[in-house]
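Q: This is the structure I have questions about; it appears just below.
The values are calculated or read from the model by the stated rules, or taken from the named source; none is laboratory data. Computed from a predicted model, the values in this text were never measured in an experiment. A quick note on method: Cβ atoms are made from the backbone with ideal geometry, for glycine too, and the neighbour counts reach across all protein chains shown.
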Amino acid sequence: MGLRAAALVTLMRAARGGLGRGTAAVLHVASLSSAPPEPVIAAKEPFPVELKAGKLYAWCACGHSKRQPFCDGAHKKAAPGISPLRFTPEEDKTVWLCGCKHTRLPPYCDGTHKEDAVQSAQLPA
């Protein structure tokens, strides 16, 4: 039985009083959602960033951070279910970090921002 079906069975049993005396059914709306949250496009180009070896970075995966391309915690309210990608480079180097949040090589840019779907998208205010 899937998660959604199990949640509905729990809800129906609770409504009939079938969970036992004093037991409350608590359902989380997120457990009934069938689609994972989608990131928003923060920029239509990548961000050039100088990374330091051994330093921990948190790349924004949701697109809501005001500190692009890095996480500022905005996902907690704006995109629950999307977490930043934490990484530590092995050497000092300049890289291009994805700004459109649709790369297939996170956190690095793979050119996805050049696609029509990204270029025609409206950026958040």
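Q: Taking segment 37-53 as the search range and keeping residues that are out of contact with any Pro (no Cβ under 7 Å at 6 or more places or on another chain) and assigned to a strand (DSSP E or B), which one is farthest from Glu91 (Cα to Cα)?
A: Pro48
Here's the yes/no breakdown for (1) under 11 Å from the mean Cα position of the chain (by Cα); (2) of a type outside the set (Lys, Arg):
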site: Glu50; (1), (2): no, yes
site: Lys55; (1), (2): no, no
site: Ala61; (1), (2): yes, yes
site: Pro69; (1), (2): no, yes
site: His75; (1), (2): yes, yes
site: Ala121; (1), (2): no, yes
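Quick grid of which residues meet (1) of a type outside the set (Gly, Ala, Ser); (2) part of a helix (DSSP H, G or I):
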position: Glu90; (1), (2): yes, no
position: Thr94; (1), (2): yes, no
position: Gly99; (1), (2): no, no
position: His102; (1), (2): yes, no
position: Asp110; (1), (2): yes, no
position: Ala117; (1), (2): no, yes
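Q: Restricting attention to segment 62-88, report how many residues are surrounded by 15 or more Cβ atoms within 10 Å (Cβ to Cβ), in a loop (DSSP other than H, G, I, E, B) and not hydrophobic (A, V, I, L, M, F, W, C).
A: Residues that pass the stated criteria total 6.
Condition check ((1) at pLDDT below 95; (2) hydroxyl-bearing (Ser, Thr, Tyr); (3) in contact with a Leu (Cβ under 8 Å, 6 or more places away or on another chain)) across all residues:
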| site | (1), (2), (3) |
| --- | --- |
| Phe47 | no, no, yes |
| Ala58 | no, no, yes |
| Pro69 | no, no, yes |
| His113 | no, no, no |
| Ser120 | no, yes, no |
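Q: Return the pairs, sorted by first residue and then second, in which the second residue is among the small types (Gly, Ala, Ser) and part of a loop (DSSP other than H, G, I, E, B), the first residue lies in segment 63-76 and is in the same structural domain as Pro106 (by TED's automatic domain parsing) and at positive phi, the beta carbons are less than 6 Å apart, and the residues are 6+ apart or on different chains.
A: Matching pairs, first to second residue: Gly63/Ala42.
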